[in-house]
Each structure stands twice: as structure tokens, then as C-alpha cells.
Amino acid sequence: MLKLYNTLTKQKEVFEPLNPGKVSMYVCGPTVYDFVHIGNIRSYLFSDTLRRYLAYLGFEVKMIKNITDVGHLTEDSQGQGDSGEDKITRKAQAEKKTPEEIARFFEKDFHQVEEKMNILPAQYFPRATAHIDQMIKIVEKLLEKGHAYKKNGNVFFDVTSFPDYGQLSGNTLENLKVGARVEEHPDKKNPWDFALWIKAPKEHILKWSSPWSIGYPGWHIECSAMSTEYLGSTIDIHTGGEDNIFPHHEAEIAQTQCYSGQKFVHYWLHARHLLMNGEKMSKSKGNLFTLPDIIKKGFSPMDLRMLFLSSHYRSPLDFSWEALEQAKKNLQKINDFVLELEIVAKQKKSGQDPNLENFGTEIEKALNDDLNTPLALSFLYSLISETHKLLSNNSLSSQSAQEILSFWQKINLVFGFILQGQAQIPKEIQQIAEDRQKARQQKDFQKSDQLRDLLEQKGFLIEDSGEGYKIRSKK
Ligand code: AMP
Ligand code: ZN
């Protein structure tokens with residue numbers, strides 16, 4: 001029974017989808033004005049793990065991840081996130097490019113990063129700029145129903161018209177009033193109202209005509225429009241990083257529920273931030289690393305995947321190279337384990353069987369408890385050490401090795417590691433290794449040493465183990 005921590009109710013709840021066997025899931029995607037950093041990756045990886053586990057449990061998951069290519073303003077942590085300049089426009093001006101060029105360039109970077117991290121692609125990646133009509137339709141209805149008002153070509157959502165405002169973040173109007181006051185927009189009735197449509201100044205590049213002005217949408221409305229368009233009025237799961245809780249997701253709930261008259265999202269899930277020396281890793285602070293930075297230091301995207309899966313998504317994680325080094329070692333341990341099993345599985349040995357069912361149950365129990373990946377991994381490490389005991393005294397049967405491999409392949413659908421398994425070793429390298437093995441069996445050690453050197457020159461190491469061998473890339 002899967003339990004997930006719902007930010008809305010502040011507790012772990014049994015997951016029950018709206019439609020049996022099916023899950024609708026919306027993920028707040030990237031604002032495409034800069035390279036993806038590893039903090040962003042932590043959030044996307046969490047959503048990927050959730051989606052993978054739901055699929056593992058047999059659900060058919062429909063996942064939408066939006067591309068924000070308009071409306072996300074630079075002052076997104078100030079008040080309601082509707083002051084400042086458009087992030088993409090600002091970058092375009094700095095780089096003397098069009099906003100479209102900037103957006104497409106960084107959107108491509110985002111897809112490449114997701115692919116390298118083995119994050120499964122969403123069924124659809126809708127772009128905000130392609131859904132302006134849907135946003136206008138929602139704003140019109142909100143005006144009609146008295147949840148919004150217009151002033152000087154701007155349209156604002158009236159937060160006092162939605163009594164549940166603040167339910168997700170705790171920022172109810174009462175709490176907001178006692179907190180710091182936001183700078184008041186002259187056209188707002190209440191400083192906590194947020195923009196649905198903003199009249200564009202003349203020099204503004206990204207703008208569209210609307211019934212109210214030539215302008216552009218507020219940041220929050222895009223996710224309501226795209227979620228409704230692709231997944232319907234009510235969805236099962238909505239995810240993002242914890243900074244999305246307020247104002248972004250709070251605003252999404254208010255405007256979508258007032259528009260449709262229905263509950264918007266059943267389960268709200270948020271990943272805690274990746275930190276750098278205790279501070280949120282972010283583009284605006286510049287305290288960040290990208291995936292290429294990680295690779296330049298000799299780590300692979302899978303090492304980073306291991307680092308993130310080794311901590312629970314709701315625990316803050318301070319990035320350190322030492323922790324990444326440890327993650328690399330742990331991944332290598334799994335890699336070696338799988339290679340050894342592949343060797344034994346090919347032979348015809350009889351021997352003992354570890355209790356697989358027990359490990360499988362424990363791993364599932366951990367994942368069922370709000371996706372406790374570190375605990376699940378610890379059970380995998382126990383399986384590895386149990387199996388090693390049998391391997392070291394040569395008593396693991398080939399059939400068991402095959403069963404453990406099948407078990408690993410199934411559970412790795414959730415972990416999503418790409419290992420340097422035998423299958424990933426190029427055919428030419430496998431052939432040289434086979435020739436070397438034959439030379440060894442024929443006691444032609446001169447030839448076998450030459451072939452070992454050749455493998456090294458080509459970037460591969462070979463280790464002899466029992467009756468077989470392991471090849472691995474030197475990188
Ligand atoms: P952005 O491109 O800034 O809109 O962010 C894309 C996603 O990354 C959002 O879901 C953010 O909540 C998330 N995010 C941004 N910074 C971090 C961080 N330091 N740690 C974890 N998630 C983050
Ligand atoms: Zn969003």
C-alpha cells in the first residue's frame with residue numbers, strides 16, 4: 001500500500017487514484033532562460049522516481065511537464081511573484097538574441113540533461129507560449145465569476161474571493177497580514193492579489209493581444225491552463241520543488257478551483273531543496289553546479305542519480321564532493337555485483353539460493369513509505385553482501401544468479417540506473433576479452449597480456465574472477 005506525504009494535508013496518505021489503475025501527474029518544469037542546475041535535477045529526479053514506482057506498481061501514468069517560456073518574472077520570491085522583468089526577455093536582451101532563441105536553446109539543454117540522467121520523458125512537454133488562448137479563456141471565466149478584476153489593462157485574482165486561500169502553504173490572508181507587507185501594485189485592491197494578465201510596456205518583446213490589453217500572462221496561470229488542457233480539471237498528483245509551494249502552487253489552486261468549481265489536485269508533493277553550504281542552490285544566487293560541471297570532475301550522471309536517491313526527497317541535502325564520491329563507490333558496488341552475477345548466470349553451477357522474496361518485500365515496503373529510496377537502497381546493499389558470501393565460497397547456483405539478475409532488473413526500473421554492464425561494453429571490446437580468455441585457458445600468457453594491454457589502450461580494464469572475467473570502462 002503506497003503512502004505519500006501530501007503537502008496539502010501535512011501527512012502521509014494512502015495513494016488512491018481518481019480512476020482505478022491510472023494516474024495523472026503534472027510536474028512544474030523548467031523556466032528556460034539558463035542551464036539546468038543540479039538543484040533542478042534533484043526535483044525532476046524525485047518526480048521521475050515517483051512516476052517509475054507508480055509504473056512498477058502497475059499504474060498507467062500520464063505525466064505532463066511544462067516548459068515555462070514566458071511570464072516567470074525575476075522577483076519570483078517577492079510577494080506574489082508578479083513583479084520584476086520576464087526572466088527570458090532579460091536574458092535575451094543581455095545576449096542580443098530573441099526570447100524564442102533563448103527559450104529553444106535552454107529547452108534543448110534541459111532535454112539533454114534529462115536524457116543523460118535517465119529521467120523518463122513526460123508524455124508531453126507543453127510550452128506556455130503555445131497556450132495563451134487557454135490562459136485567456138480561464139481569466140475571462142474568473143472575471144465572469146467575480147474572482148478577478150481588471151484595472152488599466154491588468155487583470156488580478158482577488159484572493160479574498162477564495163476562502164481556502166493559504167491551505168497549501170499556510171499563507172492564509174490572516175497570516176500574510178501579520179507577516180512582511182509586499183510592495184503594493186497601484187492597481188491591486190489587496191497587496192496579496194496576484195496577476196493573471198499584465199499589460200506590456202511598449203518595449204516589452206513577448207506580448208499577445210487579449211480582451212484587456214496587449215500583454216502577457218502572470219506566471220501561475222500557465223500551469224492551470226496546461227494541466228486542465230492535458231489532464232482535466234482534477235488530477236491525482238502535482239509535484240515541484242519546495243519553492244513552488246508559495247506563491248506558485250497556492251495561486252494555481254485558487255485560480256483553477258475557482259475556474260472549474262472542482263478540487264484541482266489530490267496529492268501535492270514537493271522535493272526539498274538541494275543546498276550549497278546551507279543555502280538553496282539557485283540561478284539567481286549563482287551558487288550552482290550543472291551536470292557538465294559534475295562530469296568535468298570525473299563523475300557520471302548515474303553517480304549523481306545515486307547521490308540523490310541516497311537521501312530522502314523530503315530531507316534537505318547539502319551538496320558535497322565527498323558525498324558524491326561515496327555515491328560513486330556505491331554505484332560501483334552495484335555494477336560489480338551485476339557483472340559477477342552475469343558471469344555465474346552463464347555457467348551451469350549448482351549451489352544455494354538467497355531469500356529473494358524477503359529483500360523484495362523490504363524494498364517495496366521502503367518505497368511504499370513515501371518513497372524511502374535510501375532505505376530501499378540499504379536493503380539492496382544487504383542483498384549484495386548476502387550474495388557475496390555465497391559467491392566468495394563459490395556456492396551460488398547459476399539459476400539463483402539468474403533470478404537475482406531478473407530481480408535487479410525489475411527493481412532497477414524504479415532506481416533507473418544505467419550500469420556499465422556487459423551489454424554496454426562495445427562488441428569489439430567483448431571480442432578482445434573473449435580472445436584473451438581463450439589465450440589464458442590455453443596458458444598462452446604472453447598473448448593474454450598483450451590483449452590486456454590492448455584493452456587498456458582502448459580504455460577498458462579487465463579483472464579475472466573465478467572462472468570468468470569482468471570488463472569495465474576506465475572512466
Ligand atoms: P525553475 O527553472 O527555476 O522554474 O525551477 C525548476 C524546478 O526546479 C522547480 O520545480 C523548482 O522548484 C526546482 N528547484 C529549483 N531550485 C532547486 C533546488 N536548489 N533544489 C531542488 N529543486 C529546485
Ligand atoms: Zn508550475
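How many of the residues making up the range 116-132 are closer than 26 Å to residue 210 by Cα and surrounded by fewer than 18 Cβ atoms within 10 Å (Cβ to Cβ)?
Let us first name the residues in the range 116-132 that are closer than 26 Å to residue 210 by Cα, namely 125-132.
Keeping just the survivors that are surrounded by fewer than 18 Cβ atoms within 10 Å (Cβ to Cβ) gives 130.
Looking only at that region, the number is 1.
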Inset, instruction - Of all residues in the range 44-76, count the ones that are within 16 Å of ligand 2 (Cβ to nearest atom) and under 23 Å from residue 100 (Cβ atoms). - result: 11
Legend entry - Neighbours by Cβ (under 7 Å, 6+ apart or cross-chain): first from the range 364-391, under 15 Å from residue 415 (Cα atoms); second of a type in the set (S, T, N, Q): 366/372; 371/49; 373/49; 374/310; 374/311; 377/310
Legend entry - Number of the condition not met by residue 403 [criteria: (1) modelled with pLDDT of 90 or more; (2) over 33 Å from the mean Cα position of the chain (by Cα)]: (2)
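Results for (1) away from ligand 2 (no atom under 16 Å from the Cβ); (2) out of contact with any Leu (no Cβ under 9 Å at 6 or more places or on another chain), shown as yes or no for each residue.
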{"site": "239", "(1), (2)": "no, no"}
{"site": "244", "(1), (2)": "no, yes"}
{"site": "249", "(1), (2)": "no, no"}
{"site": "259", "(1), (2)": "no, no"}
{"site": "270", "(1), (2)": "no, yes"}
{"site": "274", "(1), (2)": "yes, no"}
{"site": "279", "(1), (2)": "yes, yes"}
{"site": "284", "(1), (2)": "yes, yes"}
Legend entry - Conditions (1) in a loop (DSSP other than H, G, I, E, B); (2) more than 16 Å from ligand 1 (Cβ to nearest atom); (3) within 30 Å of residue 308 (Cα to Cα); number of the one not met by residue 219: (2)
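If the requirement is being open to solvent by less than 60 Å² (accessible area, probe 1.4 Å), of a type in the set (Val, Ile, Thr) and touching a Leu at 6+ places or on another chain (Cβ under 6 Å), which of these qualifies: 14, 32, 27, 23?
Numbers: 14 fails: touching a Leu at 6+ places or on another chain (Cβ under 6 Å); 32 fails: touching a Leu at 6+ places or on another chain (Cβ under 6 Å); 27 fails: touching a Leu at 6+ places or on another chain (Cβ under 6 Å).
Checking each option against the conditions leaves just 23.
Checking the conditions here, which among 227, 213 is outside any strand (DSSP E or B) and more than 16 Å from ligand 1 (Cβ to nearest atom)?
Values: 227 fails: more than 16 Å from ligand 1 (Cβ to nearest atom).
Result of the check over 227, 213: 213.
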Legend entry - Within the range 239-269, tally of residues that are open to solvent by 10 Å² or more (accessible area, probe 1.4 Å) and within 8 Å of ligand 1 (Cβ to nearest atom): 3
Legend entry - Qualifying residue in the range 35-46 (condition: within 8 Å of ligand 1 (Cβ to nearest atom), buried (at least 16 other Cβ atoms within 10 Å of the Cβ), part of a loop (DSSP other than H, G, I, E, B) and assigned by TED's automatic domain parsing to the domain that holds residue 205): yes
Legend entry - Pick from the range 77-107, criterion in contact with a Ser or Thr (Cβ under 7 Å, 6 or more places away or on another chain) and closer than 21 Å to residue 243 by Cβ, ranking: most open to solvent (accessible area, probe 1.4 Å): 90
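The values are calculated or read from the model by the stated rules, or taken from the named source; none is laboratory data. None of these values were measured; they are calculated from a predicted model. Backbone-built Cβ (ideal geometry, glycine too); neighbour counts: all protein chains shown. Calculation scope for accessible area: heavy atoms of the full protein, side chains included, ligands and nucleic acids excluded. Shrake-Rupley method; radii C 1.70, N 1.55, O 1.52, S 1.80 Å.
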